[in-house]
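The values are calculated or read from the model by the stated rules, or taken from the named source; none is laboratory data. Computed from a predicted model, the values in this text were never measured in an experiment. Glycine gets a Cβ as well: all are built from the backbone with ideal geometry, and neighbour counts include every protein chain shown. Only protein heavy atoms, including side chains, enter the accessible area calculation; ligands, DNA and RNA are left aside. Shrake-Rupley method; radii C 1.70, N 1.55, O 1.52, S 1.80 Å.
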Amino acid sequence: MRLPRQLEFLSLPDRFMAVSAWLAPTIGALAVLLLEFGLWFGFKVPPDYQQGATVLIMFIHVPAAWLSMFGYVCLAVSSFLSLVFRHALADAAAKACAPLGAGFTALALATGSLWGRPMWGAWWVWDARLTSVLVLLLFYLGYIALRASIEDENRAGRAAAILALVGAVNLPVVHWSVNWWNTLHQGSSVFRVGGPTLAAVYLIPLLLMALGYTAAFGALWLVRIRAELWRRKARTLSLQAANR
Amino acid sequence: MTAADLAKYAAFIWPAYGLTIGFFVWITLASLLSSRRWRREVERLQSEKTREDQ
């Protein structure tokens, strides 16, 4: 199946390399700027009336949690495009995305644990939100392990893409777990019907940090896709050299 | 936020920020070094190919 004409540039590695060469550092610089502003405003907020100074952990935990899900959406979409359209660039994008997503998920779990201990009195509870995020991490790790375990890269890519699409079922569970079950983890306070319940003084640094995390994710993803495309080109050149 | 406000929960706040900074430094370095390594490898192989073709 062919990609729609408007999206065909996505399937051209040379075009991608030319665009990403300037786009990755640009987004990276934007990420540094946003994170600096986010931290600057973040450390100026007053202590929360219930959570005290631990509210500072929110500015690094919540964006990591959002990125853990956003990363999986990117992984699933890239996997879908690589399965349906058989485009090498989509497969490289999926492969490059998995370690990033796994990193943000592990970071969300670790910072959440450091926030949970003083607030809930426990490092970990088996509630629906925490457990579904742990399952998300396991899907990421499963994807990475499956790709690494099959020698034929095309077969590995297809098998891992199917696993990634199966794992996408977990995304709505993660998002709505706090509504579907009675959890110790608090419900949504930003993306909810009726608008955010968070005071603007906390919401502004949180959104700046979230934008900074997203920009950093974008820049790193582009760099990692470039590395993967270089690796594939090096493999092709090595094979050509061996056959000469 | 004053130093006194932070002090009460410092044992949780600073490790969380430390982990986050450590993660960003590690993932950025790993990604950039990997990209540079494979780009150099491609350049090496291409120059070898050019030499052999001549």
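Numerical summary
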| item | result |
| --- | --- |
| Cross-link partners of A:LYS233 among lysines (Cα-Cα below 28 Å; sequence separation of 8 or more within a chain) | A:LYS95, B:LYS49 |
| Cubic angstrom per residue, convex hull over Cα atoms of region A:146-188 | 85 |
| Distance between modelled label sites at A:PHE43 and B:LYS49, nm, 7 Å Cα→Cβ extension | 5.0 |
| Candidates per chymotrypsin sites (Phe, Trp or Tyr not before Pro) in region A:147-244, loop by DSSP, up to 10 other Cβ within 10 Å | A:PHE191 |
| Kirkwood Rh, Cα atoms: Rg over Rh of region A:63-182 | 1.03 |
| At q = 0.12, 0.17, 0.21, 0.25 Å⁻¹, base-10 log of I(q)/I(0) for region A:112-174 (Debye sum, equal scatterers on each alpha carbon) | -0.42, -0.66, -0.80, -0.96 |
| Computed over chain B, Kirkwood Rh from alpha-carbon pairs, angstrom | 14.8 |
| Chains A and B together, accessible area buried on both sides, 1.4 angstrom probe, square angstrom | 3100 |
| Reachable lysines, given that their alpha-carbon falls under 19 Å from the alpha-carbon of B:LYS8 and they are not under 8 places away in the same chain | A:LYS44 |
| Contact order normalised by residue count of chain A, Cα under 8 Å, 6+ apart, percent | 33 |
| Carbon plus sulfur fraction of accessible area for chain A, probe 1.4 Å, in percent | 68 |
| Stokes-Einstein D (µm²/s) once Rh is taken as the Kirkwood radius of the protein assembly as shown over alpha-carbon pairs, at 37 °C in 0.692 mPa s | 157 |
